[in-house]
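Reviewing the structure listed below.
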Amino acid sequence: MDQHSYDALVIGGGPAGLGAALYLARYDRTAALIDSGKGRSTWYQTNYNLLGFPGGIAAREYRALGRRQLAEYSQLTIFDGCTVDRMSRDGEWFVAHNESSQWRGRAVILCMGVIDHWPEFPGWEEYVGRSMFWCITCDGYTCRDQTMLVVGNTDMAASTALQLQRFSKEITLLTNSEKNFIGEERRKRLANAGFPLIEDKIVAADGEGGYFKALHTEGGLILPLDCLFNQQGQRPRTNLARDLGCALNDQGYIITDSEQKTSVPGVYAAGDSDRLHDHQISVAVAEGGQAASAANYFLYPPELKDPE
């Protein structure tokens, strides 16, 4: 089995992981960036909220630029297409494992993001980031005056539909489930706004090049649309945090302080897996940098640290 040792391990190669790896390199720390190649920044969306990119930048291009920047630093070793199955402790070392390799680091930064619960129908992957979105902050403005479909069966989904009113008046809410957990108060608000609430499930889509024309439902409806906002929720990837004993909140997200420290000394978390809100590339990059700065300080010997 291959074994590798570093000052720090960064697990996850999205914006948070790239930001953390860059800072570690600038601190002249050796680090392994272990990237499965999956996550929100691997879809097709264009991000318009990053300052300094007039006209927006595709998330995939942003990742590629980050990789080009990291390639300038010999302190970093990138392991592509690698998934960490579990974490353990070996004295002062944190050990990441999969079937063929082990990576050891004296600090670890978890940047594993979330798993979105997408509506699934034939060819659904081609729509993600092009006309199927998950974030009002990122894409509400882009979809102004378009025909919108919000998918979800909770009060949060209803609230998203109501919040989207500032961008469009053509909004329909589809539960995409046999169950409907939307409360009476929000049902009234939807009705007052003139937004249909449909209890049905998606079975197929009409579209081209990842852009919707219509959706077909189990009940035989044909719903014209330009864009879809998925509100079926997401699950943070926290299995490795659980392995190491990191505290999680009631929603399952990793609890961190203002320096991205978890409850376990030497373990840090950055990006979507430690936040219920603010799932933004700019926030993830900033958190990655902060986590790396805290990890760098952790790695100093006691005589170089400030008295507590």
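Since every read-out is calculated from the coordinates, none of them should be taken as a lab result. Nothing here was measured: the structure is a model prediction, and the numbers come from that model. Cβ sites come from the backbone with ideal geometry, for glycine too, and all protein chains shown count toward neighbours.
Before moving on, here are some points about what is shown:
- Span-rule helices in the chain, defined as complete DSSP H runs reaching 15 Å or more along the axis (Cα) with Kyte mean at least -1.0: 15-26, 281-299
- Charged neighbours of R89, selected by a Cβ distance under 13 Å, balance to 0 (K, R count +1; D, E count -1).
- Here the label points at E120 and E208, each 7 Å from Cα along the C-beta direction, are separated by 2.9 nm in the simple model.
- Over segment 1-64: Kirkwood hydrodynamic radius from C-alpha pairwise inverse distances, Å: 13.1 Å
- Put simply, when 52-59, 214-221, 167-174 are sorted by average Cβ atoms within 10 angstrom per residue, most first, you get 167-174, 214-221, 52-59.
- Formal net charge of residues neighbouring D243 (Cβ-Cβ distance under 15 Å; K, R +1; D, E -1): +3
- Pairs of Lys residues in the chain, spaced 8 or more positions apart or belonging to different chains, with C-alpha separations under 28 angstrom: 13 in total.
- A crude spin-label estimate for the pair I57 and S88, with each label 7 Å from Cα along the Cβ direction, gives 4.0 nm.
- Residue-averaged [θ]222 nm for the chain, counting only DSSP H segments that reach four residues, each worth -39500 (n - 2.57): -7000 deg cm²/dmol
- P(r), alpha carbons of the chain - 10 Å bins starting at zero, rounded %: 6, 26, 29, 21, 13, 5, 0, 0
- A simple charge model with +1 on the Cβ of Lys and Arg, -1 on the Cβ of Asp and Glu and nothing else charged puts the dipole of segment 118-230 at about 460 debye relative to its Cα centre.
- Each peptide in 67-73, 128-134, 262-268 gets a packing score, the mean of other Cβ atoms within 10 Å over its residues, and the list from highest to lowest is 128-134, 262-268, 67-73.
- Of the residues F167, A32, V108, the one whose Cα sits farthest toward the positive end of the charge dipole of the chain, with +1 on the Cβ of Lys and Arg and -1 on the Cβ of Asp and Glu, is F167.
- Cα gyration tensor shape for segment 57-206, rounded if a/c is under 1.5, else prolate or oblate: prolate
- Diffusion coefficient, µm² s⁻¹, Stokes-Einstein with Kirkwood Rh over alpha-carbon pairs of segment 118-230 at 20 °C and 1.002 mPa s: 155 µm²/s
- Taken along its three principal axes, the alpha carbon spread of segment 198-308 comes to 70, 26, 18 Å, from the longest extent down to the shortest.
- Among beta bridges that DSSP assigns inside the chain, antiparallel share in %, nearest 5: 40 percent
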